[in-house]
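Read the structure below first, then the notes.
The values are calculated or read from the model by the stated rules, or taken from the named source; none is laboratory data. Because the structure is predicted, anything quoted here is derived from the model rather than measured. Cβ coordinates were reconstructed from backbone atoms using ideal geometry, including for glycine residues, and neighbour counts include every protein chain displayed.
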Amino acid sequence: MKYMVDLDGVLAEFNRSFAAQLGVPTIPLDDKSWPTKWDWPEDYASPEQLAEVWNTVRASKHFWEDLPAFPWTGEALELLHAEALDGEEVYFVTSREGVDIKRQTERWLSKYGFPEATVLVSTQGDKAGIAHDLDADVMIDDRPEVLTKIREWGKDTLRIYLQVHPYNSTFAIRAAEDYRILPVESPVTAIRSEYARREIYQHDCDVCNGAGTIASVGSCPACHGTGKSKLNGNA
Ligand SMILES: [Mg+2]
């Protein structure tokens, strides 16, 4: 199984650092007055200030590496890392800009619990294309535009989770249902759902005594439903 997991707004709290760079007060996550757009710090600055801050961010060798985590990040990365150790594929996909993005992101992930992560940096911001090319099974992101596009371009079996924030809660309520996108309070909920789903839908092949993990009798890659598997010696 292949996970495709977003960084900013899902695992890393970009806005807090970005607001600090702009000299804008940070708004706590649980504040009811939280703005309804994801890049709200931009509303507090002039185009010139924004350009200056973005130049600073792009030139920094540590801005992305120093981003704060969300309260759930450690547990989410622990669960994802367990999935990776179990043979699942985990891709962290980001559209970040700047110096040494891949390694800054890898070091950040390692610091919060996922060593030797696979990080993909999309300079075109085309996550739908990446999901398609990876043939991803699970996607976790916070941007409605990204997820809507992926829903349109991705395979039918792709399971999409929306990390809910005040800036996307309207989408979560109204549009997510239409696009079969599952709103979650944190990526931990999404990953635990995947654990539960696997327990329900995937089990050891009971025809060849567990040579393959399968969704149904007949789909076992070892015996193809015949029970004759060379792997367990009963062929
Ligand atoms: Mg994001």
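Within the bounds of region 165-175, is there any residue that is closer than 19 Å to Glu75 by Cβ and in contact with an Asp or Glu (Cβ under 8 Å, 6 or more places away or on another chain)?
The initial filter retains those residues of region 165-175 that are closer than 19 Å to Glu75 by Cβ, namely 165.
Next, only the ones that are in contact with an Asp or Glu (Cβ under 8 Å, 6 or more places away or on another chain) stay: 165.
There is at least one residue in region 165-175 that is closer than 19 Å to Glu75 by Cβ and in contact with an Asp or Glu (Cβ under 8 Å, 6 or more places away or on another chain).
Have a look at Pro47, Pro41 and point out the one that is outside the structural domain of Leu7 (by TED's automatic domain parsing), buried (at least 18 other Cβ atoms within 10 Å of the Cβ) and not charged (D, E, K, R).
Details: Pro47 fails: buried (at least 18 other Cβ atoms within 10 Å of the Cβ).
Only one candidate qualifies: Pro41.
Give region 162-179 a look and list any residue that's over 12 Å from Arg143 (Cα atoms) and modelled with pLDDT under 75, or say none.
Selection gives Ala175, Glu177, Asp178, Tyr179.
Yes or no: region 65-75 includes at least one residue that is more than 28 Å from Arg192 (Cα to Cα), surrounded by 13 or more Cβ atoms within 10 Å (Cβ to Cβ), more than 15 Å from the ligand (Cβ to nearest atom) and modelled with pLDDT of 95 or more. Reasoning before the result, please.
Kept after step one, since they are more than 28 Å from Arg192 (Cα to Cα), are these residues of region 65-75: none.
Checked region 65-75: no residue is more than 28 Å from Arg192 (Cα to Cα), surrounded by 13 or more Cβ atoms within 10 Å (Cβ to Cβ), more than 15 Å from the ligand (Cβ to nearest atom) and modelled with pLDDT of 95 or more.
Tally up the residues in region 98-112 that are assigned to a loop (DSSP other than H, G, I, E, B) and of a type in the set (Gly, Ala, Ser), please. Step through it out loud before you land on a result.
Step one: filter region 98-112 for residues assigned to a loop (DSSP other than H, G, I, E, B), giving 98-100, 112.
The next check asks that each one be of a type in the set (Gly, Ala, Ser); those that pass are 98.
Final tally of qualifying residues: 1.
Consider region 48-75. How many of its residues are assigned to a loop (DSSP other than H, G, I, E, B) and over 17 Å from Glu106 (Cβ atoms)?
Residues of region 48-75 that are assigned to a loop (DSSP other than H, G, I, E, B), as a first pass: 60-68, 70-72.
Applying the additional criterion that residues be over 17 Å from Glu106 (Cβ atoms) yields 68, 70-72.
Of the residues in that region, 4 qualify.
For region 123-134, check the following and say yes or no: at least one residue is touching a Leu at 6+ places or on another chain (Cβ under 6 Å) and either within 30 Å of Asn55 (Cα to Cα) or loosely packed, with under 15 Cβ neighbours inside 10 Å (or both).
No, that holds for no residue.
Scan (1) within 16 Å of the ligand (Cβ to nearest atom); (2) of a type outside the set (S, T, N, Q); (3) under 23 Å from the mean Cα position of the chain (by Cα); (4) at pLDDT below 95 for the single condition Glu42 breaks and write down its number.
(3)
Within region 1-23, can you find the residues that are away from the ligand (no atom under 14 Å from the Cβ) and at pLDDT 95 or above?
Result: Lys2, Tyr3.
Please give the number of the condition Gly233 fails out of (1) at negative phi; (2) at pLDDT below 75.
(1)
Only residues that are within 13 Å of the chain's Cα centre (by Cα), more than 17 Å from Lys2 (Cα to Cα) and of a type in the set (Lys, Arg): list them for region 138-197, please.
Arg143
Of all residues in region 48-91, how many are of a type outside the set (Val, Ile, Thr) and within 17 Å of the chain's Cα centre (by Cα)? Talk me through it step by step, then tell me what you get.
Of region 48-91, the ones of a type outside the set (Val, Ile, Thr) are 48-52, 54-55, 58-72, 74-89, 91.
Among the residues that remain, those that are also within 17 Å of the chain's Cα centre (by Cα) are: 64, 67-72, 74-84, 88-89, 91.
Qualifying residue count, region 48-91: 21.
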